[in-house]
């Protein structure tokens with residue numbers, strides 16, 4: 001979601017490249033471009049003015065050191081100010097002294113509250129908690145049904161409760177919440193996640209209901225769920241909820257979409273509440289704590305290797321990875337069966353596009369961002385379909401794949417013979433490369449490649 005802002009900031013930094021000193025003139029030009037970059041990325045105007053002024057104040061009069069060029073010094077100042085804006089540390093998660101701790105989910109209709117409630121429950125379960133979910137949205141039966149489906153998919157306890165005929169809506173909301181808290185305590189659940197009703201806009205009934213829920217439940221956390229793609233509307237809604245409820249944190253959803261990033265940079269400054277979690281996809285595990293420093297690294301084009309490594313540690317089978325590496329680097333090489341298994345392992349980490357976007361996009365890796373945009377995810381499915389259409393013997397020994405067998409595989413996988421040939425050609429090249437590396441012959445090639453990369457980085461090619 002930060003590619004737009006990242007690209008614009010990178011262009012603004014170019015105005016200082018090649019400058020020997022930081023002057024009033026070149027800093028003024030850079031500040032104008034940074035300001036435009038932030039505004040075009042839907043950052044709140046007040047936040048933009050404050051941020052730009054802080055960057056300008058720190059940059060003016062800065063002496064160019066032997067270690068950093070003017071552009072590098074500005075990059076560092078912008079980086080530090082963005083981290084300060086978003087909060088330097090990962091926000092702590094509060095719990096009550098007497099369980100169950102109540103988490104009240106707030107937000108407008110369509111922001112993703114119900115899905116986020118389920119994702120939060122799954123995340124808490126991984127941390128050793130025993131959460132329970134309850135929907136107090138008595139206005140839309142589908143909302144309660146959706147939460148029941150989400151709870152089942154994540155194996156989370158759910159308090160369903162019953163609606164009484166003729167009962168006033170607000171009375172039903174408060175009764176369900178009270179019963180759910182009692183039920184959570186009886187079943188030994190240490191956290192109760194309350195999925196509340198939303199509206200298409202802020203209205204008095206909604207806010208009054210939220211205020212009554214807060215008074216009744218005394219929640220440890222009030223999390224405002226915001227659709228990151230709505231930009232300034234999300235910021236305005238966050239302010240309205242915060243003015244009434246004093247939210248303890250925000251969750252930004254649809255971070256894998258086409259949003260411009262402004263909401264992430266604005267909500268903390270406007271409300272004073274930290275962003276605590278990010279929703280990064282549709283699956284229950286597409287949910288992660290908000291790390292300000294990592295997000296800023298993404299914005300600055302420095303990638304997010306820490307999150308990528310954490311995801312790999314969590315999703316990948318270390319034993320299978322080591323076994324593949326050992327086999328691939330040996331004289332024996334690896335089979336198409338092994339290749340298919342590695343594709344499946346990589347898919348567990350998410351889309352190839354999301355993986356590439358966590359890599360740096362500056363210096364020798366400047367083409368990574370563009371490569372990510374051009375990734376055809378369906379190609380991986382076609383490759384797996386081709387390998388699935390082979391017999392076990394063919395997967396173990398690619399030399400068996402003559403012309404007639406390739407035609408059969410193409411027909412069985414719904415692909416063309418050319419696609420089958422391309423896969424086998426790539427497999428052959430990869431197999432040879434691994435064997436060369438395993439025999440030690442790849443060391444000089446690696447050294448040459450590293451030398452070329454360093455040369456390009458030094459001279460900005």
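The values are calculated or read from the model by the stated rules, or taken from the named source; none is laboratory data. Every value quoted in this text rests on a predicted model; they were computed, and no experiment measured them. Please note: Cβ atoms are built from the backbone with ideal geometry, for glycine as well, and neighbour counts cover all protein chains shown.
Observations
- Selected residue [under 26 Å from the mean Cα position of the chain (by Cα), at pLDDT below 95 and under 30 Å from residue 46 (Cα atoms)] from 234, 143, 204, 148: 234
- Odd one out for residue 108 among (1) touching a helix residue (DSSP H, G or I) at 6+ places or on another chain (Cβ under 8 Å); (2) surrounded by 15 or more Cβ atoms within 10 Å (Cβ to Cβ); (3) more than 30 Å from residue 267 (Cα to Cα): (3)
- Restricting region 171-208 to residues that are touching a helix residue (DSSP H, G or I) at 6+ places or on another chain (Cβ under 6 Å) and farther than 30 Å from residue 127 by Cα leaves a set whose member that is surrounded by the most Cβ atoms within 10 Å (Cβ to Cβ) is 207.
- Exclusive hit being out of contact with any helix residue (DSSP H, G or I) (no Cβ under 7 Å at 6 or more places or on another chain), modelled with pLDDT under 80 and either within 28 Å of residue 263 (Cβ to Cβ) or in the same structural domain as residue 234 (by TED's automatic domain parsing) (or both), set 73, 63, 10: 10
- Filter result (surrounded by 24 or more Cβ atoms within 10 Å (Cβ to Cβ), over 15 Å from residue 108 (Cβ atoms) and at pLDDT below 80) within region 260-285: 261, 262, 264, 265
- Of the numbered criteria (1) farther than 30 Å from residue 124 by Cβ; (2) at pLDDT 75 or above; (3) not in a loop (DSSP other than H, G, I, E, B), the one residue 43 fails is (3).
- Residue pairs meeting the criteria (Cβ under 7 Å; at least 6 apart or on separate chains; first at positive phi, in region 140-169; second surrounded by 12 or more Cβ atoms within 10 Å (Cβ to Cβ) and assigned to a helix (DSSP H, G or I)): 161/176; 161/179; 161/180
- Here residue 212 meets the list (1) in a loop (DSSP other than H, G, I, E, B); (2) at pLDDT 90 or above; (3) farther than 20 Å from residue 94 by Cα almost entirely, failing just condition (1).
- When the strands (runs of 3 or more DSSP E) confined to region 90-196 are screened for residues that are under 23 Å from residue 246 (Cα atoms) and in the same structural domain as residue 237 (by TED's automatic domain parsing), those reaching at least 1 such residues are found at 101-106, 131-135, 191-195.
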